[in-house]
Structures are given as structure tokens and as C-alpha cells.
Amino acid sequence: MSENTSLIEFASKGEGTLVAFFEQMASDIGDAQHEILNELARAMTERGWVQPVDAVVKKLSEHTSEEKVQAALAELEHRRLVKINRAENRFESLLGTLSVTRTAHRGHLSSGVDVFTFGGFDQLTLNHTLLKDVDVFTTCANSGQEIRLKIAGDQIVESNISGVAGFLATWDGKQPLEEVAANSNLFASDADLEAWQEKHPDIDGMGLPGDLFLWVGMSAAQELGGARFKLIGHSE
């Protein structure tokens, strides 16, 4: 991102801010912006990486002007929907959750491709964002215990542990989306969730102990993933 790039701010709506933001952005942006997001999402889904910024611009400029593509890309930066390292000519993230580089939170898509998120909770949104079932590989944010989940459709169908818990951080409309994602974690137990919350009293959000996680947590993940899907317009 350029030092001169201003970032849009969004009125806080409590726990519903993220979903409301993505739905509003999907409504507000134009075809050129949707096309860029679609191109980046397809690249990540089909091969797990994206080309340098100038190569993406060149490809999309084949049937429109480069000036229009550059303007659309700048608009996406302003709206926090892509993050770009201009000095290194590379994309860093998509939709504030998908990291172009490896992180500790890996989602193995049913297409055979690995994608990475900034936090564990967002891995639960991948199947509704990218329309692929996903195997989740992450660690408990408190104990470091390995967590492996298989998500098919709307459900967790396999898990290496019982009693998975979660935390969904609340966005204030100003904080970097990547930080919100990094604060939205998975936990190996309710005790781990409680311990982490005690260590981080400054992070607002919704704690999801095991008895709520499979219902409320997965429902929240599906809603968030669906809102992001509206932005990328990705299809089979």
C-alpha cells in the first residue's frame, strides 16, 4: 500500500460490523473492481498464489484501458479489499483475511490447493467464500495444541480434538482488517478460550465456547464467508 493511500472507515455495528461492511462494499463497487477481486480469488483458489501487481494489471488491461484497471485497483486499496506492497510489486492480502504469503493458519481446499489466513477462525469461512470444502490446519491460540478440522458444506465433519472453541473479534471500522482476523482464533478447549481472553482484555469480540461453537460459531462463519463471496463473484 502506498503511504498516500487513505483507507475507508465504516460505522461500527458491533458484532455485525464485518458482515455489514463486506455486504456494503459488494453493493458499492463497480464491475472493474469485482473483476479484479474475481481474478485474484481464482488465482488463489486454483493455484494458491497470485502474479505480481503489474502482471495482473497487464492481463486485465487486455480488454480495457490500463488507466481504468489502475483506478479500480486504487479504489480496492482504499476500500480495504486488497492490500498491496507497491515497492515490491506484490499483493499481500485479499479481503482482509486471505494472506498471499504463508501463515500458521493453512486451509487445504478440496481443489488440492493451500490457502492461508491471518487467523484461525477465518479458516471456517473459506468454504463459503471460495466454494470449496476445506481441511483446516492451525493451532490453539493459547496452548499451541494442533487443531485439525475437516469442513464440508456447513458442518465440521471431522476433528482431531473434541470441544473446539473460538473467538470472533469485533471490528471498530478503523482497525486494519488483517489485525481483526489475527485476533479471531480457534482454541482446543473452553479453558484455553477463557485463559486467552483473560490475557487479552483489550480485544473486543464474541467468545464461542464449545457448546456454542458448532452452532453460533459456524453460523457466523458462514455469514461472513457469504458476504465475502458477494465481493469476489467467484464461481466454478
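The values are calculated or read from the model by the stated rules, or taken from the named source; none is laboratory data. Values in this document were obtained by computation on a predicted structure and should not be read as measured data. Virtual Cβ from ideal backbone geometry, glycine too; neighbours counted across all protein chains shown. Ligands, DNA and RNA are excluded from the accessible area calculation, which covers all protein heavy atoms including side chains. Shrake-Rupley method; radii C 1.70, N 1.55, O 1.52, S 1.80 Å.
Within the stretch 82-125, restricting attention to residues that are among the acidic types (Asp, Glu) and over 23 Å from Ala32 (Cα atoms), the residue that is most open to solvent (accessible area, probe 1.4 Å) is Glu88.
One residue stands out among those in the stretch 196-236 that are within 27 Å of Ala43 (Cβ to Cβ) and of a type in the set (Lys, Arg): the one that is surrounded by the most Cβ atoms within 10 Å (Cβ to Cβ), which is Arg228. Yes or no: the stretch 53-67 includes at least one residue that is buried (at least 19 other Cβ atoms within 10 Å of the Cβ) and within 24 Å of Gly119 (Cα to Cα). The answer is no, given that none of the residues of the stretch 53-67 is buried (at least 19 other Cβ atoms within 10 Å of the Cβ) and within 24 Å of Gly119 (Cα to Cα).
Every residue in the stretch 24-47 that is out of contact with any Gly (no Cβ under 9 Å at 6 or more places or on another chain) and open to solvent by 20 Å² or more (accessible area, probe 1.4 Å), please.
Gln24, Ser27, Asp28, Gly30, Asp31, Ala32, Gln33, Glu39, Arg42, Glu46, Arg47
Annotation note: Cβ proximity below 8 Å between a residue of the stretch 1-21 that is more than 21 Å from Phe91 (Cα to Cα) and aliphatic (A, V, I, L, M) and a residue that is in a helix (DSSP H, G or I) and at pLDDT below 95 (sequence gap 6+ or interchain) occurs for no pair. If you check Asp202, Asp211 for being in a helix (DSSP H, G or I) and either at pLDDT below 95 or out of contact with any Ser or Thr (no Cβ under 9 Å at 6 or more places or on another chain) (or both), only one passes: Asp211.
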